[in-house]
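The values are calculated or read from the model by the stated rules, or taken from the named source; none is laboratory data. All figures in this text were calculated on a predicted structure; none of them were measured in a lab. Positions of Cβ are generated from backbone atoms using ideal geometry, with glycine treated the same way; all protein chains shown enter the neighbour counts.
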Amino acid sequence: MGKTILGTWLFLVLILQHGYGQNIEVNTKRGKSKGKIERQIAEEQIKNLKKGILLIRLSTKSQTLETIREKGYDQKANEMEADQIALNKAIATTFPVNIKFCKTAFFYSEETDKLISKDFDNMKFMNGQLNEIPNPLVNDVYYLVLDLAILKERDPRYDTYRQVVTEKGIENKPVYYSSSNLRLPAFVVKDQNLEQLTDPFPYYVRAYSLEPEIDRILLAARKLNKSLFKFYKKATR
């Protein structure tokens, strides 16, 4: 089922394609290389996530579906909506039982602005059965966001990254990406501004398999869980 649903999701991208982080303390000792600083940031992120929660964003494609209906393609929109609902259910039932690294919770894409503005008390969070649960982000719980999205690639022309060292310490800076070309979907880990994380953090897994009989969502969840544990082990040596 995961293969068919993801195929429909990719079709949506094909026809219609034409974040503020919680503070990470790192050692900013003078002379430290950019690569070492990036690794230290990633190590702090993975350690915090182990004690925190991975919020999984479920897209409803509401604006996309509205546009299709406005063009008179109601039947197609209804079919896509049904496929999107099925995809969300598949993700919701698969990830909590296969992500053992940390806690998980879900929210719909319509809640994104509230997440970014940290209006958590007015957000609807859900469990793997898509039933509403109390706000899991109390007491300043650390979180990252997992998103089924088109993976962006960093532009090698720019020597920059999301968090950089300045005279004032660690500051958030824009991440510049290459031009938007169509790519295969992936489950991408993002920060609290929904900015894609960077290496060496294991920030994505591809949502496809060369073996058609393997459930792609299940495969992605297991691969992500394994990658998180592997990097955590390195970070805590």
Task: Some residue of the stretch 150-164 being in a strand (DSSP E or B), farther than 29 Å from ALA105 by Cα and either of a type in the set (A, V, I, L, M) or modelled with pLDDT under 85 (or both) - done: yes
Task: Check on GLU70, modelled with pLDDT of 95 or more and of a type in the set (D, E, K, R) - done: no
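Yes or no, residue by residue, for (1) surrounded by 15 or more Cβ atoms within 10 Å (Cβ to Cβ); (2) of a type outside the set (A, V, I, L, M); (3) under 19 Å from ARG216 (Cβ atoms); (4) modelled with pLDDT under 60:
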residue	(1), (2), (3), (4)
GLY2	yes, yes, yes, yes
THR8	yes, yes, yes, yes
PHE11	no, yes, yes, yes
GLN17	no, yes, no, yes
ASN23	no, yes, no, yes
ARG30	no, yes, no, yes
GLN40	yes, yes, no, no
Task: Every pair of residues 6+ apart whose Cβ atoms lie under 8 Å, when the first sits in the stretch 126-155 and is farther than 16 Å from PHE95 by Cα while the second is β-branched (Val, Ile, Thr) and in a loop (DSSP other than H, G, I, E, B) - done: ARG154/VAL175; ARG154/THR198
TODO: Count, please, the residues in the stretch 102-117 that happen to be over 29 Å from PHE231 (Cβ atoms) and touching a Leu at 6+ places or on another chain (Cβ under 8 Å).
DONE: 0
TODO: Please verify whether the stretch 182-199 includes one or more residues that are assigned to a loop (DSSP other than H, G, I, E, B), of a type in the set (S, T, N, Q) and modelled with pLDDT under 90.
DONE: no
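Residue-wise test of (1) within 25 Å of LYS226 (Cα to Cα); (2) surrounded by fewer than 19 Cβ atoms within 10 Å (Cβ to Cβ); (3) in contact with a Phe, Trp or Tyr (Cβ under 6 Å, 6 or more places away or on another chain).
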{"position": "THR60", "(1), (2), (3)": "no, yes, yes"}
{"position": "ASP74", "(1), (2), (3)": "no, yes, no"}
{"position": "ASN78", "(1), (2), (3)": "no, yes, no"}
{"position": "LYS100", "(1), (2), (3)": "yes, yes, no"}
{"position": "ASP119", "(1), (2), (3)": "no, yes, no"}
{"position": "ASN131", "(1), (2), (3)": "no, yes, no"}
Task: All positions within the stretch 74-131 that are of a type in the set (Ser, Thr, Tyr) and touching a Ser or Thr at 6+ places or on another chain (Cβ under 7 Å) - done: TYR108, SER109
